[in-house]
Amino acid sequence: MKPLNSKEFRPTVACTKGEVFEYIYKANGAPRTGFKGIKNWFVDLKSTDSYYYAVFWAKKKGYIDYGQFSGEQVFTRGQALYYVWLSVGSPKAKKATTFNDFRKEVYYAKAVAWAQEKKIYTDTGEHKFGGDDHLITRGEMARLICYAYK
């Protein structure tokens with residue numbers, strides 16, 4: 001993860017969708033194969049965006065569809081965890097999560113159980129994960145990437 005400028009990482013700043021995908025892409029080795037001559041079907045993606053290749057990589061993996069990418073949209077903890085979980089192969093947890101502040105059918109539920117089992121997120125007794133109401137910060141995203149790929 002690169003600093004926002006030459007001197008600051010700013011770990012408390014919320015991550016955008018573009019940053020989340022860029023960090024996941026880089027954690028997977030930032031492969032540049034298979035993109036030559038690719039047609040850009042994303043209406044809001046520019047070749048100058050730092051996450052340009054990350055978006056095509058995510059599309060190639062089946063994580064997203066063509067259309068509007070919305071790279072500047074801030075991302076929630078649940079959204080970020082879900083895509084990290086997909087990128088490590090969607091491993092199944094052996095036990096259900098103890099977090100209870102979301103429906104078990106929500107798209108990131110299996111990712112939360114895996115992350116709790118891997119001790120990426122721990123239940124402090126309040127049983128709150130905050131998947132939809134907590135924005136993922138740069139610091140939290142760095143930690144998530146570090147532990148997910150360990």
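The values are calculated or read from the model by the stated rules, or taken from the named source; none is laboratory data. Worth saying up front: this structure is predicted, and the values here are computed from it rather than measured. Here the Cβ is made from the backbone with ideal geometry for all residues, glycine too, and neighbour counts use every protein chain on show.
Here is a list: PRO11, PRO31, PRO91. Which entry is over 13 Å from the mean Cα position of the chain (by Cα) and at pLDDT 95 or above?
On inspection, the qualifying residue turns out to be PRO91.
Is it the case that GLY62 is closer than 27 Å to VAL112 by Cα and free of Cβ contacts under 8 Å to residues at least 24 places away in the same chain?
Considered against the rule, which asks whether it is closer than 27 Å to VAL112 by Cα and free of Cβ contacts under 8 Å to residues at least 24 places away in the same chain, GLY62 comes out as yes.
Among (1) under 12 Å from GLU19 (Cα atoms); (2) touching a helix residue (DSSP H, G or I) at 6+ places or on another chain (Cβ under 7 Å), where does VAL74 come up short?
Answer for VAL74: the failing condition is (2).
Is there a residue in the stretch 114-128 that is within 16 Å of the chain's Cα centre (by Cα), farther than 24 Å from VAL13 by Cβ and crowded, with 20+ Cβ neighbours inside 10 Å?
yes
Any residue that is farther than 21 Å from ASP132 by Cα and of a type in the set (Lys, Arg) - is there at least one of those in the stretch 74-84?
So far as the stretch 74-84 goes, no, none of its residues is farther than 21 Å from ASP132 by Cα and of a type in the set (Lys, Arg).
With (1) surrounded by fewer than 20 Cβ atoms within 10 Å (Cβ to Cβ); (2) hydrophobic (A, V, I, L, M, F, W, C); (3) within 24 Å of GLY29 (Cα to Cα) as the list, and ALA148 as the residue in question, which single condition is left unmet?
That leaves (1) as the condition not met.
Which residue pairs have Cβ atoms closer than 7 Å, lie 6 or more positions apart in sequence or on different chains, and pair a first residue in the stretch 81-94 that is farther than 17 Å from THR137 by Cβ with a second residue that is modelled with pLDDT of 95 or more and outside any helix (DSSP H, G or I)?
The qualifying pairs are LEU86/TYR63; SER87/ASN28.
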